[in-house]
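To start, the structure under review is shown below, and the notes come after it.
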Amino acid sequence: MDLNTHSDLAGEILRESRAGLWRVETDLATGQGRLYADEVMDELLGTPAGASPEERFAFHIGHVHPEDAALFRDYAANLAENRSEIVYRYLHPAAGEMYVRCCGKRLPGGPGVLATGGIHQDISDVIPLERDGQTEQWLAEVNSNLRQEQVRQENYYRELLDVQNCGLMAYTLPGHRVIHMNAEALRMYGLPDIDEAQRRLNEIVSKIQYPDQDVVEKLKALRTQSDSTVDYECIINPGEEHECHALAQTRVFQTPSGDRAVVTTFIDISTTVTLKNALERAEAGSRAKTSFLFSMSHDLRTPMNAVIGCAELMERHWAERDRAYAYLQKIKESSGFLLSLINNVLEMARIESGKEMLRETQWDVRELNETLCTIMETGIQNKQLEFHTTTNIQHTKVICDAMKVREIIINLLSNAVKYTPVGGSITMELEELPCDREGYALYRTSVIDTGIGISPEYQPHLFDSFTRERRADEGNVVGTGLGLSIVKAFVDVMGGTIDVESEMGKGSKFTVILPHKLAREEAAPATQDEKAEYLVVLAGKRILLVEDNELNAEIASTILEDAGLTTEVAADGAIALAMLKQAAPGYYDLILMDIQMPHMDGYQTTRAIRALPDPRAQTPIIAMTANAFEEDRAAALAAGMNDHVAKPIEVPKLMRAMARVLRG
Ligand code: ADP
């Protein structure tokens, strides 16, 4: 390469300014440098005649003043990326030490070659200072000023990148050296600075998730292509505190130093994604609600139609006693189903709102068998099913939520009855398993039937709410598809497990394993004739029934009067308060209080009663309400009521509660 091609005039000017031209080519594969020079440059270097570019390169490096060698190396390295300038000392083989101003920049090079070039000027004679300590200081100042100017420029470009609201990250492909990461990229990655980015680069990049699987292949392909880009969506730090959804564009380019580098720009779309997800959830929720309403309205309508239809038929055939009685039985049956449906829905709502809690009391595990035998009796009689139970337990007294345990088993047994054809058999096995938890016992209850079985496809959905298999061989079995989801939820709250084995046409086996705390004391003996006892306590008592619904008031009064009580009805809270104030203390023995009423609700009325200045303030009050949740019970007690009974009224429960409150 000949650098002596400039015009005579230019050559003259350069010579007079003692400025030579140079070009360095570095082979990127081997790192070998070649220095090309014009005549002036060769003179200034004192290059031996006939030196090859490689020899000239080595000769020049070998003659840089040892004290400025480090400075020169920095400059040379920097040239690859930025236009740079330096003043350094050169040891000319003939003329001795000279001061050289060298400035250069990157030039276009061929493939695999990094080319730089510039001017090398002898400025020894323009330096007014002697060769003493001051010269070195001057040299240091000149170079430091040159460097500061360069740093200012670099900072300016970095700041320009930092004020962008898109992230930018660039790193070299071999070596993964971070070239730059702007402020937005650091924020999106949750990184404090570029040093930390460098330390964790591989970890961060390997964790990025791509919703579109093809992107990974496309990004890999970029390594071997230039001038192409990949646009994609990605999740940075998935599942972590700094999770960030981004729209990104990546391209691979060649750095001035010849490295291949990946540069990616990102736009943070996390807020959009959050909103999109929230919208999808809301839509799914709304779809679930609609399907819930559809199934509810269908499931409620079926028994409701039976009640209305039978009531009408009963009215029409009122005179035919037996027929009317049969319709009455059907009405009772359907309304019983309706009530259990409503209870199940409430139960599900409570479970789903996370409000389900255990009400643990002392209980004898053997009661499970006794109660269930009576419960199953009718079903078994109607279908001529055989029913077997086996019990093998050591500990009988436990502390648990017996209501829920019973409900689990009742659900499993009623399913067994429902889905087992006439003549089949049902077995319930109760056994105690070895338990290594101190103070606990483990019970396994299996309900085995010889019924229609459950298809393998449906088994995974068995415990989902509102799902039913709906097979032709189920016949006209009614159900809500809620039973097993409630069972599963109860088993979960109690820390137990439930499993099913089933074969189509052969039968099913549901196995529940529950841990129960062992009771320390013996349970108090059950009351022999509780009913007789509460009738004695209640006999002749006067009840103030506060109820705004006329029909409910009539039903309640009839039940109470049948049990030997006197009742007076108040149509709302304000009327009740007025009646109580007018009556002598002790006139009313007990108040049954509805909660939702116009004018003055049950809570307000109770608080007003409790605030009366005389013994009437102490009149026992029992809430009687359709608000059947545990929180409603707590709210009633908090308002000053003595107890809470859920509607629809179950007579023995109401009587028991009244007797308990009156006994004090
Ligand atoms: P359902 O009120 O419909 O009985 P469940 O949640 O109790 O609701 O049961 C869901 C479905 O599981 C039932 O509709 C039925 O298809 C199936 N199933 C439950 N128990 C049995 C069983 N013992 N034998 C056959 N199928 C059963």
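Taken about its Cα centre, region 138-191 carries a charge dipole of about 160 debye when Lys and Arg each add +1 at the Cβ and Asp and Glu each add -1 at the Cβ.
With the Kirkwood sum run over all distinct C-alpha pairs, region 141-249 has a hydrodynamic radius of 15.7 Å.
On average, how much area does the Cα convex hull of region 526-664 cover when viewed from any direction, in nm²? Display every interim value, and only then the final one.
Details: hull surface 31.7 nm².
Average projection, Cα convex hull of region 526-664: 7.9 nm².
With the cut-off at 25 Å, report for region 1-127 the share of all Cα pairs above it, as a whole percent.
On the way: 1470 of 8001 pairs.
For region 1-127, the share of Cα pairs beyond 25 Å comes to 18 percent.
Determine, from the Cβ-Cβ distance of MET1 and VAL205 and an R0 of 45 Å, the FRET efficiency 1/(1 + (r/R0)^6), rounded to the nearest 0.05. The formula returns an efficiency of 0.65 here. Here the dipole of the chain is about 2160 debye; that uses its Cα centre as origin and unit charges on the Cβ of Lys and Arg (positive) and Asp and Glu (negative). Within straight-line reach of LYS330, meaning a Cα separation under 26 Å, sit the following lysines at least 8 residues removed in sequence or on another chain: LYS383, LYS418, LYS647, LYS653.
Taking every protein chain into account, the 1.4 Å probe leaves ASP122 with about 20 Å² of accessible area, to the nearest ten. Computed from the C-alpha gyration tensor, the three semi-axes of the ellipsoid equivalent to region 594-664 are 19, 16, 10 Å, from longest to shortest. Computed across region 174-327, the Kirkwood radius stands at 20.7 Å (inverse of mean 1/r, all Cα pairs).
Given +1 on the Cβ of Lys and Arg, -1 on the Cβ of Asp and Glu, and no further charges, what dipole in debye does region 118-251 carry about its Cα centre, rounded to the nearest 20?
Working: 13 positive and 24 negative charges, 90 e Å.
Its charge dipole is roughly 440 debye.
Take the chain with all the other protein chains still there, run a 1.4 Å probe, and you get 55 Å² of accessible area per residue.
Would you work out the relative contact order for the chain, in percent, from Cα pairs under 8 angstrom that are 6 or more residues apart?
Values: 1049 pairs, mean separation 38.9, N = 664.
Reported relative contact order: 6 percent.
What does a probe at GLU240 reach in region 204-227, counting residues whose amide N is under 12 Å from the point 7 Å along Cα→Cβ? The answer is 204-209.
The alpha-carbon atoms of region 300-341, seen along their principal axes, cover 32, 14, 9 angstrom, with the largest extent given first. Computed with the Debye formula from one identical point scatterer per Cα of region 296-426, without solvent, the log10 of I(q)/I(0) at q = 0.11, 0.12, 0.13 Å⁻¹ comes to -0.59, -0.69, -0.79.
With 10 Å bins beginning at zero, the pair-distance distribution over Cα atoms of the chain amounts to 2, 10, 13, 13, 11, 9, 7, 7, 7, 7, 7, 4, 2, 0, 0 %. A crude spin-label estimate for the pair LEU293 and ASN277, with each label 7 Å from Cα along the Cβ direction, gives 2.8 nm. Within region 38-166, what whole-number % of the accessible surface is contributed by carbon and sulfur, with the 1.4 Å probe and all protein chains included in the calculation? Reported share for carbon and sulfur atoms: 53 percent.
The values are calculated or read from the model by the stated rules, or taken from the named source; none is laboratory data. Remember, predicted model here, so these are calculated numbers, not experimental data. With ideal geometry, Cβ positions are generated from the backbone for all residues, glycine too; neighbour counts draw on all protein chains shown. To get the accessible areas, we keep the full protein, side chains included, count just its heavy atoms, and leave off ligands, DNA and RNA. Shrake-Rupley method; radii C 1.70, N 1.55, O 1.52, S 1.80 Å.
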